[in-house]
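The next block holds one structure in the form of structure tokens; read it before the comments.
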Amino acid sequence: MQALKVEKGDGSHHTYSQDEVSSFCDHINYYLRDDKDVADILPLDPETNDMFIKVGDGILLCKIINLAQNGAIDPRAINVKKPLNIFNENINLNLAIQSAKSIGCVVVNIRPDLIKDKREHIILGLVWQIIKIQTTKMVNLKENPFLIRLKKEDEEIGDILKLPPDQLLLRWFNHHLKEAKSQRQVNNFDKDLQDGENYIVLLNQLDKNRCSLDGLGQDPENRAKIIILNAESIGVPKFMRPIHIVKGNSKLNLLFCAQIFNACPGLTPSQDDYEKTKMLQEDDDPESSMDERVFKMWINSLNIEDGYINNLIEDMRDGINLNRLLEKLKPQTINWRNVKIPAKSRIIKVQNANYSLEQAKTFKITLVNVGGVDFVDGKKKLILGVIWQLFRLDVLKTMGDQKDDQILEAANKKVPEAERLASFKDPKAKTSHFFFRLLNSIEARAIDWDFVQKGETPEEIESNAKYVISVARRLGATVFLIWEQIRDGKAKMLAVFTASLLHFAEDYKAAKLGHAE
């Protein structure tokens, strides 16, 4: 891997990979080639520091975030009309950072000023996370039921649900190597792929007509060239270069494997497998699914070591991640000698979960009729009930133990009388006008009122809800809410959203005073 070392004014040193820069530039150029809002800055030059310069106004980052998760950012909230002043550049960058957090990126210590200062390792790390999410978002059981074919005999469906995309991709790769009667296995994305032979066998197994085995007789450099051509022939976008394979760049190989999977997974589930996964999807309660998305977003934003959540319910069943969450929220809560990692047997999982619930009582949350067995059995409503209380406690920790009516009273004082709510169950909340006015009290320049609609129809309600969340994020507020919860008038979530805006208002005011001084 070609690593470049950069020295900053403070004497610190950071390295970054020029191979990754080149590949990410090719990726961005390909997927945004028809986007008029960035036509003036594309294509990025993959051989220079072009990317680090051109992300400085936030537009490009916002665009690739929406590639990773369509609709993560309301396009109306992105300032695209150039030239941009410093305020509009900063709110674009705030919007990108907070929205990246909402789709699962770790953004600890990432600030607009560091991006504008062209901190290569910070920018490259953020872009890597976004592109990884985009490329691997289909590598899961719910999006692709045929992945159930990769379940081992001693596993449950839940074991596949909680596997992260990189582990699923390794299983998928090895499944096809086994089908091709290869004697080799892939256990990583660097050394095991460096000579290219496994790629040749995989691609041939996926499409024997387009991808021959001729590359096996070549030297590694020429073999890598054949791999790229074979991958292109089955529809893989060109961003991987032969040298990246030869060097064994693990990040780029992971993305390449995901692109091959997306183009041609080569799996067909049996009817029995299909019925099992169909039942799994039908079991999803819409309200619970919305809560799961929010809580997953929140937990992952905490950057818990070894505690990244792929599937909330499944990842909580052995009690380990609940213990990790409690420790993150209140350090020294957990005595790790009482937690068994890994937890392979049901008895150990129950013990882990029971211990975590016992420690959760120190948070003064309500734990009625819920025990470790309920977690191990994946009782969704009970698990969500515990996580909800911890979530609310964390979001409101800076405001004390305020009740919803106290939160509403404080917020109502900041908005015009006509927009005030009688309670968080007030139907007026669904129009988002209350939240727009609250945000306007924080920063009058935040909202383009031409985009705000009356909120009288379902379409207008959806439009306003999406826009108000993006407006809050572009000011720099951390928002753990999805637009459907505004549409559905979910009072408990609206109360937390309001509380987080009130807290953010104090920080924003203090920051403005600091700049003024």
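How far, in degrees from 0 to 90, does helix 18-31 lean away from the longest principal axis of the Cα atoms of the chain, to the nearest 10?
70 degrees
Given an 8 Å cut-off on Cα distances and at least 6 residues of separation, report the relative contact order of the chain as a percent.
After rounding, I find 13 percent.
Provide, in order from the shortest bin, the percent of all Cα-Cα pairs of region 75-168 in each 10 Å bin, continuing until the bin that contains the maximum pair distance.
14, 34, 25, 17, 9, 2
Tell me the Kirkwood radius of region 1-144: reciprocal of the mean inverse pair distance over distinct alpha-carbon atoms, in Å.
It works out to 15.6 Å.
With labels modelled as points extended 7 Å from the Cα through the Cβ direction, what inter-label distance (nm, one decimal) is found for Ser345 paired with Thr15?
Taking the simple label geometry, Ser345 and Thr15 are separated by 4.5 nm.
Once every DSSP H run of n ≥ 4 in the chain is given -39500 (n - 2.57) and the sum is divided by its residues, what mean residue ellipticity at 222 nm do you get, rounded to the nearest 500 deg cm²/dmol?
-16500 deg cm²/dmol
If DNA, RNA and ligands are ignored and the probe is 1.4 Å, what is the ranking of Thr498, Thr362 by accessible area, most exposed first? Don't jump to the answer; show the numbers that get you there.
Working: Thr498 0, Thr362 75 Å².
If we order Thr498, Thr362 from most to least accessible, we get Thr362, Thr498.
Using the alpha carbons of region 301-451, what is the convex hull volume per residue in cubic angstrom, as a whole number?
Per residue, the Cα convex hull of region 301-451 comes to 156 Å³.
To the nearest Å, what is the center-to-center distance of region 395-457 and region 41-120, using C-alpha atoms only?
Cα centroid to Cα centroid, the span is 27 Å.
Under the rule a/c < 1.5 gives rounded, and otherwise a/b versus b/c splits prolate from oblate, where does region 353-394 land using the Cα gyration tensor?
oblate
Place the peptides 371-378, 429-436 in order of packing, highest mean first, counting for every residue the other Cβ atoms within 10 Å and averaging per peptide.
Ranking the peptides 371-378, 429-436 by packing returns 429-436, 371-378.
For helix 286-301, report the angle its Cα long axis makes with the longest principal axis of the Cα atoms of the chain; keep it between 0 and 90° and round to the nearest 10°.
In the chain, helix 286-301 runs at an angle near 80 degrees to the longest axis.
For region 9-73, what is the largest minus smallest coordinate of the Cα atoms on each principal axis, given in angstrom and ordered from greatest to least?
For region 9-73, the Cα spread along each principal axis is 39, 23, 20 Å.
Using a 1.4 Å probe, how large is the accessible area of Arg437, given in Å² and rounded to the nearest 10?
Its heavy atoms expose roughly 80 Å² to the probe.
Leaving out ligands and nucleic acids, and using a 1.4 Å probe, what accessible area per residue does region 191-230 come to in Å²?
That works out to 50 Å² for each residue.
Beyond 18 Å between alpha-carbons counts as too far, so tell me which of Lys142/Lys296; Lys191/Lys251; Lys54/Lys116; Lys118/Lys509; Lys328/Lys361; Lys162/Lys344 fall in that bin.
Numbers: Lys142/Lys296 16 Å; Lys191/Lys251 12 Å; Lys54/Lys116 9 Å; Lys118/Lys509 27 Å; Lys328/Lys361 15 Å; Lys162/Lys344 15 Å.
Violating the 18 Å limit, Cα to Cα: Lys118/Lys509.
Just the number, please: carbon plus sulfur as a percent of the accessible area of the chain, 1.4 Å probe, no ligands or DNA/RNA counted. Walk me through the intermediate numbers first.
Values: 11580 of 24120 Å².
Looking at the chain in its full context, I get 48 percent from C and S.
When a/c reaches 1.5 or more, the comparison of a/b and b/c decides; with that in mind, is the chain rounded, prolate or oblate per its Cα gyration tensor?
Oblate shape, in that a/c is at least 1.5 and b/c is the bigger or equal ratio.
For Val108, Val201, what's the largest-to-smallest order of accessible area, 1.4 Å probe? If you can, show how the numbers build up before the last one.
Values: Val108 75, Val201 25 Å².
I get Val108, Val201, largest accessible area first.
If you stretched the chain out fully between Gln402 and Gln183, how much longer would it get, using 0.36 nm times the residue separation minus the C-alpha to C-alpha distance?
Length gained between Gln402 and Gln183: 72.6 nm.
Which shape class, rounded, prolate or oblate, goes with region 311-379 when its Cα gyration tensor gives a ≥ b ≥ c as root eigenvalues, a/c under 1.5 marks rounded, and past that a/b bigger than b/c marks prolate? Write down the numbers at each step before the final one.
On the way: a/c = 1.58, a/b = 1.17, b/c = 1.35.
The shape class here is oblate.
Between 0 and 90 degrees, rounded to the nearest ten: what's the tilt of helix 197-206 against the longest Cα principal axis of the chain?
Result, in degrees: 80.
Grab the Cα-Cα distance for Asn222 and Asp190, subtract it from 0.36 nm times how many residues apart they are, and report the gain in nm with one decimal.
Taking Asn222 through Asp190 to full extension adds about 9.7 nm, to one decimal.
Which FRET efficiency value, to the nearest 0.05, is calculated for Ala418 and Val108 with the Förster distance at 35 angstrom and r the Cβ-Cβ distance?
0.30
The values are calculated or read from the model by the stated rules, or taken from the named source; none is laboratory data. Just so it is clear, the structure is predicted and the values come from calculations on it, not from any experiment. Quick reminder, even Gly has a Cβ in these numbers, built from the backbone with ideal geometry, and neighbours come from all protein chains shown. The accessibility values were calculated without ligands, DNA or RNA, using every heavy atom of the protein model including side chains. Shrake-Rupley method; radii C 1.70, N 1.55, O 1.52, S 1.80 Å.
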